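*Asks:* Handing you this structure, nothing more for now.
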Amino acid sequence: MNPASNELPEKGHVVIIGGGPGGTACALAVDRIAAETGRQVHITLLEGKQFKGERHYNQCVGVLCPPLPELLEERLQVPFPYHLCLMEIDGYVLHSDDDRIELPGNDEISYALRRVQFDEYMLDAVIQRGIPIVPARAVDLEFNSEGVIVYTESTSLDADVVVGAFGLDEGTAALFSRTTAYKPPQSLSAIVTKYVNSPEKKVDFGTHIHAYLPADAMIEFGGITPKCDHVTINIAGQDIDADLMHSFLDYPEVRSVLTNFEQDAAVLSDAPLLFKGRFPRSLAKNYFGDRYVMVGDAAGLVRAFKGKGVTTAVLTGIRAAETIMHHGIFAGDFHQYYRNENHEIINDLPYGRVMRWVAIYMSRLGLLDAVIKAARQSPEIRSALFDAVSAHGSYKEIMKNSLNPRSMRTVIKAMMKSSP
């Protein structure tokens, strides 16, 4: 039963489960709004991992994209951590099995760093604001007419509203699925590893990310991201495993990029250290309700084919905080304000799913070579490819730019020239 007012009460308690970018952004935004409006609000953040000293590895590739600097500095009053950035990314190289094309960034700069260091930086910002952090995991939830009881490994907390910022953690998702109508998003699996730059050779890898759409039916896409003294390598697909990573590392197009690194083609059999994770490919079901709301990956609020996950997590964390502080903490409030605020992400998901399958079938059927050849002749196709691999543009705009009659004629001509 809802109280007379849907608003967060004075001295209300917001409990945030998860201390990644979405959770810390939500905590900082609630704290900022409370200070600006003169309200007393209690905030508690739960995070069981230890980021300090890099004791936990985050399988995220660690590329921070616009408009993240503005979100941190203007919406959260947190300086962007330029000191953590290992490399400025100013473009991409898209590879098919037999061809490649360079896609300059058109002044869109992204920043590559170690994700665990960024998570530590954001948690330190929360600590500096005096927001309590409980270093434990949530183990159970109880929803009632008065609020929510959050049970943790070390204590219990009485909350007025709970924010789920736990990514795709299966244990925490199960707590919400058992006690609410929430169902986590569908996901793809991913594996990440890294190759270290040889101290003797000091290879200049450049400032472009290499993106791959291989013909292998099991690997949807792969990437190699420069980070000054090493490169991060990732692949993703429905059922990714270590054997597929080794197969990817053995591709000629991949070997040609990695050959000057310490762990080069001659020692690929030495099995580099691998980290496995998942990321969403659909919207979660019932990702908000009475006294709870999900942000970032937990809500499935990411781009369907190329995540831009950190930026989206921060943005949705801020939007959840604004809904809680300005509008209310019940399902109707989250539907009217939080969902509407995220309409540009939600409305773009169907286009993203279409583009995902288009990219998969183009690579499987060997058509990507023709698209790359057409892109050399068409600025529209080249721009669409850049937006697709960089996550800078919406998929609706990408389809508009790449599937119009003029672009399709250019692709068909390239296909005809490529045919025997």
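The values are calculated or read from the model by the stated rules, or taken from the named source; none is laboratory data. Given the structure is predicted, the values throughout are model-derived calculations rather than measurements. Using ideal geometry, Cβ is built from the backbone for each residue, glycine included, and neighbour counts are taken over all protein chains shown.
Rundown of residues vs (1) under 24 Å from ASP297 (Cα atoms); (2) assigned to a helix (DSSP H, G or I), yes/no style:
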{"site": "GLU10", "(1), (2)": "no, no"}
{"site": "VAL15", "(1), (2)": "yes, no"}
{"site": "ASP31", "(1), (2)": "yes, yes"}
{"site": "HIS42", "(1), (2)": "no, no"}
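*Asks:* Shifting gears a bit: Looking only at residues that are farther than 16 Å from ASP348 by Cα and of a type in the set (Val, Ile, Thr) in region 368-407, which one is modelled with the highest pLDDT?
*Replies:* Once the filter is applied, the top-ranked residue is ILE372.
*Asks:* If the requirement is being under 19 Å from the mean Cα position of the chain (by Cα), over 28 Å from LYS194 (Cα atoms) and either without any contact (Cβ under 8 Å) to a residue 60 or more places away in the chain or surrounded by fewer than 17 Cβ atoms within 10 Å (Cβ to Cβ) (or both), which of these qualifies: GLU70, GLU88?
*Replies:* On the way: GLU88 fails: over 28 Å from LYS194 (Cα atoms).
That would be GLU70, the only listed residue that is under 19 Å from the mean Cα position of the chain (by Cα), over 28 Å from LYS194 (Cα atoms) and either without any contact (Cβ under 8 Å) to a residue 60 or more places away in the chain or surrounded by fewer than 17 Cβ atoms within 10 Å (Cβ to Cβ) (or both).
*Asks:* Quick one: ALA265 ticks every box in (1) in the same structural domain as LEU71 (by TED's automatic domain parsing); (2) over 25 Å from VAL126 (Cα atoms); (3) modelled with pLDDT under 95; (4) not hydroxyl-bearing (Ser, Thr, Tyr) bar one, so which box is it?
*Replies:* (1)
*Asks:* Let me ask something else about it. Before we move on, is SER378 touching a residue at least 60 places away in the same chain (Cβ under 8 Å), hydroxyl-bearing (Ser, Thr, Tyr) and either buried (at least 17 other Cβ atoms within 10 Å of the Cβ) or under 20 Å from TYR92 (Cβ atoms) (or both)?
*Replies:* Working: touching a residue at least 60 places away in the same chain (Cβ under 8 Å): no; hydroxyl-bearing (Ser, Thr, Tyr): yes; either buried (at least 17 other Cβ atoms within 10 Å of the Cβ) or under 20 Å from TYR92 (Cβ atoms) (or both): yes.
Answer is no for this residue.
*Asks:* Among the residues in region 119-129, are any crowded, with 20+ Cβ neighbours inside 10 Å and within 22 Å of LEU385 (Cβ to Cβ)?
*Replies:* Checked region 119-129: no residue is crowded, with 20+ Cβ neighbours inside 10 Å and within 22 Å of LEU385 (Cβ to Cβ).
*Asks:* Condition test on TYR151, is it at pLDDT below 95, more than 19 Å from the chain's Cα centre (by Cα) and of a type in the set (Phe, Trp, Tyr)? Reasoning before the result, please.
*Replies:* Working: at pLDDT below 95: no; more than 19 Å from the chain's Cα centre (by Cα): yes; of a type in the set (Phe, Trp, Tyr): yes.
Answer is no for this residue.
*Asks:* Also, quick follow-up: Within 30 Å of MET87 (Cα to Cα) and touching a Pro at 6+ places or on another chain (Cβ under 8 Å) - does that describe any residue in region 167-178?
*Replies:* Within region 167-178 (the criterion being within 30 Å of MET87 (Cα to Cα) and touching a Pro at 6+ places or on another chain (Cβ under 8 Å)), the answer is yes, since at least one residue qualifies.
*Asks:* Another question about this same structure. If ASP169 meets every condition in (1) surrounded by 15 or more Cβ atoms within 10 Å (Cβ to Cβ); (2) over 30 Å from ASP250 (Cα atoms); (3) in contact with a Lys or Arg (Cβ under 8 Å, 6 or more places away or on another chain) apart from one, which number is that one?
*Replies:* If we test ASP169 against (1) surrounded by 15 or more Cβ atoms within 10 Å (Cβ to Cβ); (2) over 30 Å from ASP250 (Cα atoms); (3) in contact with a Lys or Arg (Cβ under 8 Å, 6 or more places away or on another chain), just (3) comes out false.
*Asks:* Within region 128-232, which strands (runs of 3 or more DSSP E) (wholly inside it) include 3 or more residues that are under 25 Å from VAL30 (Cα atoms) and touching a residue at least 60 places away in the same chain (Cβ under 8 Å)? Even if it seems obvious, please write down each step before you answer.
*Replies:* Details: elements: 138-144, 147-152, 156-159, 161-164, 187-196, 208-212, 221-226.
Because the criterion is at least 3 residues that are under 25 Å from VAL30 (Cα atoms) and touching a residue at least 60 places away in the same chain (Cβ under 8 Å), the strands (runs of 3 or more DSSP E) in region 128-232 that meet it are 147-152, 156-159, 161-164.
*Asks:* Could I ask something else about it? Does ARG75 qualify as being basic (Lys, Arg) and under 14 Å from HIS208 (Cα atoms)? Explain how you work it out, then say what you get.
*Replies:* On the way: basic (Lys, Arg): yes; under 14 Å from HIS208 (Cα atoms): no.
No.
Here is a yes/no grid of residues against (1) modelled with pLDDT under 80; (2) closer than 22 Å to GLU102 by Cβ:
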site	(1), (2)
ALA320	no, no
THR323	no, no
ARG353	no, no
GLY366	no, yes
ARG409	yes, no
LYS417	yes, yes
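*Asks:* Related question: Is it true that some residue in region 127-146 is in the same structural domain as LYS52 (by TED's automatic domain parsing), more than 16 Å from GLU47 (Cβ to Cβ) and of a type in the set (A, V, I, L, M, F, W, C)?
*Replies:* Yes, there is a match, as at least one residue in region 127-146 is in the same structural domain as LYS52 (by TED's automatic domain parsing), more than 16 Å from GLU47 (Cβ to Cβ) and of a type in the set (A, V, I, L, M, F, W, C).
*Asks:* Moving on. Scan region 338-353 and report the pairs whose first residue is in the same structural domain as MET294 (by TED's automatic domain parsing) and more than 16 Å from GLY393 (Cα to Cα) and whose second residue is of a type in the set (Val, Ile, Thr) and buried (at least 19 other Cβ atoms within 10 Å of the Cβ), with Cβ atoms within less than 8 Å and a gap of 6+ or a chain change.
*Replies:* Listed by first residue and then by second, the contacts come to TYR338/VAL293; TYR338/THR323; GLU341/THR323.
*Asks:* Oh, and also: Can you name every residue in region 233-252 that is in a loop (DSSP other than H, G, I, E, B) and among the hydrophobic types (A, V, I, L, M, F, W, C)? Walk me through it before giving the result.
*Replies:* Step one: filter region 233-252 for residues in a loop (DSSP other than H, G, I, E, B), giving 238-241, 250-251.
Listed by number, the list holds a single entry, ILE240.
*Asks:* Helices (runs of 4 or more DSSP H) wholly in region 277-380 with at least 3 residues that are closer than 17 Å to ILE17 by Cα - which ones?
*Replies:* Values: elements: 309-326, 343-364, 368-377.
In region 277-380, the matching helices (runs of 4 or more DSSP H) lie at 309-326.
*Asks:* Please specify each residue of region 212-247 satisfying the condition of being under 15 Å from ARG364 (Cα atoms) and of a type in the set (A, V, I, L, M, F, W, C).
*Replies:* If the condition is that a residue be under 15 Å from ARG364 (Cα atoms) and of a type in the set (A, V, I, L, M, F, W, C), then LEU213, ALA215, ALA217, MET218, ILE219, PHE221 are the ones that fit.
*Asks:* Please name all residue pairs, on different chains or six or more residues apart, with Cβ atoms under 8 Å, provided the first residue is in region 387-405 and is touching a residue at least 40 places away in the same chain (Cβ under 8 Å) and polar (S, T, N, Q) and the second residue is surrounded by fewer than 16 Cβ atoms within 10 Å (Cβ to Cβ) and part of a helix (DSSP H, G or I).
*Replies:* That search, which allows pairs on different chains as well, returns SER394/GLU344.
Each row is one residue, and each column tells you yes or no for (1) modelled with pLDDT of 85 or more; (2) touching a Ser or Thr at 6+ places or on another chain (Cβ under 7 Å); (3) assigned by TED's automatic domain parsing to the domain that holds GLY147; (4) closer than 30 Å to ALA320 by Cα.
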site: ASP204; (1), (2), (3), (4): no, no, no, no
site: HIS208; (1), (2), (3), (4): yes, no, no, no
site: GLY223; (1), (2), (3), (4): yes, no, no, no
site: MET245; (1), (2), (3), (4): yes, yes, no, no
site: LEU249; (1), (2), (3), (4): yes, no, no, no
site: ASP290; (1), (2), (3), (4): yes, no, yes, yes
site: ALA298; (1), (2), (3), (4): yes, no, yes, yes
